[in-house]
Amino acid sequence: MQGRLADISGDTLQSDGWNLVLTDAGACASPADLSLSAVIPAPVPGTVAEALEKAGLFDREHSHPLNERDAWYLCRLVDVNAGDAVLRLEGLATLCEVFLNGQKILVSESMFETHDLAVHLHGGYELALCFRALKPGLGEPGPRARWRPQMITPQGLRLVRTTLLGHMPGWCPEIQAVGPGRPVSLLYPHEPIVRHLSLRPDLLEDGEGRPYASVSIEGYVSDVTLRCGEIEQAFERNRHGHCAAILKIPRVTPWWPHTHEIPHLHHVTLIIDDVEHPLGRTGFRRLAIDRCADGRDFCLSVNGERIFCRGAVWTTADIGRLPGGRDDYEPWLRLAAGADMNIIRIGGTMAYETPDFFRPCDEFGLLVWQDFSSPISTIRKAIRLGTPMSRRKWRSFFPPRGCRHHSQSLAAAAKSISRRRCSACRSDCGRARSWRRSYRRLPDRFGGMSPMSSIRPSMAPCRFLRIKG
């Protein structure tokens, strides 16, 4: 059985012992070609800008381009367990080649995808991540664009799946995102192997809370149970190892934006053969789009009550580090809640944040409007073809890891493709009538991949105040 491995038993984060070597673009084809005369320590997860800044080789106030040279991250896996494992790479910015003991095992062209690689380890293996220079490829010809965003330089970025932070002069510092900005970890699967763990909470009109859970299990187990609060429900399992459960909680205390009521959260636990695996906390709320009687209005409705959305556009907590830890997120989100905001928008030109962003949003009662971040050419292919790459990227956007990832608990209230991105795409799709027909097919092609997702033609007309970290 193939699928995403759930890390309910914990993983081994590979954050120590990394070094960085910079070379001319294309000078080294493999780690064996490297000269280790200019090696500097590098934090992982982290960026080239962060490593150079800590070494005193980069000044963010007078920055120099970081996407003109190849960046090699090197780590010797000394204290790892020998045997079969899964190497998980949760975010590589952007054109990256992965080598294990000198053998190339992955070529990644998107900073937004998570990669799980089955590997067999022995003591002393060397892991190398080569981030190829992005700038040389940006001048290569691509499909002609009839609409050119003036804020983005160079125009070749429309063909690359990366954040535009660092590429918008006058709007943000020109510090490009290069490096393993998200965790690198090793998982050691052992029976029973758990995959495709998913949790979706819902609130019915009569006040009943229903967590819908599903999981695939390889190997023999006698009992699988879902617990929320004090209520438990056994999973039903078919002969293919797929398990599903629906828990019914009468008169559950719902989650609300903090501007209206208390954002209540409930602990959820997966129990496999009497072994408890905490999945975090979830909340129960009913989300809908209110179009009013004439069908022309747009308003978010939470638990049957119309919500006036007021909030901010999120960029990043630190453009040099692109951090993903709770300590980096929480002060900004606490300020937003203290300013009586009830929604945060993560724009399509930014980067996806980690689960540690969504957890405080859950706790502080902040809704999250998350744009689907994709370049124009990728959206065009998705609209026309629904290509496998597009579907894989969409699943990466809604990873099936329960309430431990991307806040499938409640905070991700509305996920969209923004008007700005799709207006750009329209110019590549041809005539307006053809564009509208193709665009309306998006919910049918991709909407069902996550029950928490809501694909909308444009941004909600909310009041936003742009803030920068």
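The single condition among (1) charged (D, E, K, R); (2) under 25 Å from the mean Cα position of the chain (by Cα); (3) at pLDDT below 95 that Arg237 does not satisfy is (2). Inside region 206-228, residues that are outside any loop (DSSP other than H, G, I, E, B) and either of a type in the set (A, V, I, L, M) or more than 31 Å from the chain's Cα centre (by Cα) (or both) make up a count of 5.
Elements of the type strands (runs of 3 or more DSSP E) sitting completely within region 283-326 and holding at least 2 residues that are of a type outside the set (A, V, I, L, M): these cover 299-302, 305-307, 310-314.
Results for (1) within 26 Å of Asp328 (Cβ to Cβ); (2) in contact with a helix residue (DSSP H, G or I) (Cβ under 8 Å, 6 or more places away or on another chain); (3) of a type in the set (Phe, Trp, Tyr), shown as yes or no for each residue.
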site: Ala27; (1), (2), (3): no, yes, no
site: Phe58; (1), (2), (3): yes, yes, yes
site: Leu77; (1), (2), (3): no, no, no
site: Leu89; (1), (2), (3): yes, no, no
site: Leu92; (1), (2), (3): yes, no, no
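Considering every residue within region 78-86, establish whether at least one is outside any strand (DSSP E or B) and closer than 18 Å to Ser30 by Cα. No: zero hits. Looking at region 211-228, is at least one residue free of Cβ contacts under 8 Å to residues at least 24 places away in the same chain and surrounded by fewer than 21 Cβ atoms within 10 Å (Cβ to Cβ)? No, region 211-228 has no match at all.
List the residue pairs whose Cβ atoms are under 7 Å apart, where the first residue sits in region 263-279 and is on the phi > 0 side of the Ramachandran plot, the second is surrounded by fewer than 16 Cβ atoms within 10 Å (Cβ to Cβ), and the two are 6 or more positions apart or on different chains. Cβ pairs passing all conditions: Asp273/Ser222; Asp273/Asp223. Hey, Leu57 hits all of (1) farther than 30 Å from Pro278 by Cα; (2) touching a residue at least 40 places away in the same chain (Cβ under 8 Å) but one; which does it fall short on? (2) is the only condition that Leu57 fails. When Glu305 is tested against (1) outside the structural domain of Val224 (by TED's automatic domain parsing); (2) crowded, with 22+ Cβ neighbours inside 10 Å; (3) under 22 Å from Arg210 (Cα atoms), just one condition goes unmet, and that condition is (2).
The values are calculated or read from the model by the stated rules, or taken from the named source; none is laboratory data. Note that the coordinates shown come from a computational prediction; the quantities given were computed from them, not determined experimentally. For neighbour counting, all protein chains shown are included, and Cβ atoms are generated from backbone atoms with ideal geometry for every residue, glycine included.
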